[in-house]
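Enquirer: Let me begin by handing over the structure; questions about it come next.
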């Protein structure tokens with residue numbers, strides 16, 4: 001299976017940002033806008049995964065685009 005490109009939507013001091021590894025893809029005023037931008041980036045760079053974090057940093061949701069390992073083997 002090909003490695004997936006991961007994007008993370010995470011909180012920051014003045015809103016939300018989308019990260020790809022250690023690179024910040026963009027800064028957004030709202031979580032909704034950050035999730036939308038992250039989804040667009042993930043869909044454009046498949047196979048990929050979008051990981052959305054809550055304000056406290058914990059994972060809220062994960063979205064996989066192409067090559068979803070569900071149902072998991074085993």
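Enquirer: Test of understanding: among 40, 67, which residue is out of contact with any strand residue (DSSP E or B) (no Cβ under 8 Å at 6 or more places or on another chain), surrounded by 13 or more Cβ atoms within 10 Å (Cβ to Cβ) and at pLDDT below 95?
Expert: 67
Enquirer: Going by the structure shown, is residue 21 in contact with a strand residue (DSSP E or B) (Cβ under 9 Å, 6 or more places away or on another chain) and on the phi > 0 side of the Ramachandran plot?
Expert: yes
Enquirer: I'd like the full set of residues that are within 13 Å of the chain's Cα centre (by Cα), assigned to a strand (DSSP E or B) and either free of Cβ contacts under 8 Å to residues at least 24 places away in the same chain or surrounded by fewer than 18 Cβ atoms within 10 Å (Cβ to Cβ) (or both), limited to the range 1-32.
Expert: Correct list: 5, 6, 11, 16, 17, 18, 19, 20, 23, 24, 25, 26.
The values are calculated or read from the model by the stated rules, or taken from the named source; none is laboratory data. Worth saying up front: this structure is predicted, and the values here are computed from it rather than measured. Note that each Cβ is placed from the backbone with ideal geometry, even for glycine, and that neighbours are counted across all protein chains shown.
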